[in-house]
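Asks: One structure, pasted below without further comment.
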Amino acid sequence: MNCLFCKIIAGEIPSAIVYQDEDCVAIRDINPQAPTHVLVMPRRHFCCLTTAVAEDPALVGRLMQACVKVAQLEGLTQDGYRVVTNIGENGAQTVKHLHLHVLGGTKMSEKMS
Ligand code: AMP
Ligand code: ZN
């Protein structure tokens, strides 16, 4: 499988890792949309949230915990932050390996589109 994030997780492509545990790796987004923009991705390949919930719902809970951990490490919890995952064509997902965006460091737009 030719998956960019699987290659990043395997260390074949360099990335700026901010957190990792047995389930996931969290890296800085190469094209940040906020002062802090981290991607939390499971080590196991799932195309998106839909598949991950079907195949390993407990893992999804742990990924959410990892997002909070990243927010704490990045000093985002006081002022707040956003966690989002894009799914498929209409969700404008560009990398087909599940990842959660952790965004913070500024007031996010109230628009969700
Ligand atoms: P999405 O549009 O939800 O699939 O998000 C994919 C994200 O991956 C985008 O925010 C990209 O900027 C980011 N991205 C793409 N390539 C890399 C890379 N090599 N290292 C870090 N982030 C990347
Ligand atoms: Zn992958």
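Throughout, read-outs are computed from the coordinates displayed, never taken from laboratory work. Just so we're clear, the structure is a prediction, and the values are computed from it rather than from any experiment. Cβ atoms come from the backbone with ideal geometry, glycine included; neighbour counts cover every protein chain shown.
Asks: List pairs: first in region 5-32 and closer than 17 Å to Val60 by Cα, second among the aromatic types (Phe, Trp, Tyr), Cβ under 6 Å, 6+ apart or cross-chain?
Replies: Taking only residues 6 or more apart or on different chains, the pairs are Ala26/Tyr19.
Asks: Select from region 32-48 the residues that are over 20 Å from Leu73 (Cα atoms) and either within 11 Å of ligand 1 (Cβ to nearest atom) or of a type in the set (Gly, Ala, Ser) (or both) and list them in ascending order.
Replies: Of everything in region 32-48, those that are over 20 Å from Leu73 (Cα atoms) and either within 11 Å of ligand 1 (Cβ to nearest atom) or of a type in the set (Gly, Ala, Ser) (or both) turn out to be Cys47, Cys48.
Asks: A follow-up question, please. At least 2 residues that are under 27 Å from Glu110 (Cα atoms) and more than 16 Å from ligand 2 (Cβ to nearest atom) in each: list the strands (runs of 3 or more DSSP E) lying fully within region 1-92 that qualify.
Replies: Numbers: elements: 17-20, 24-28, 36-42, 81-84.
So the answer is 36-42, 81-84.
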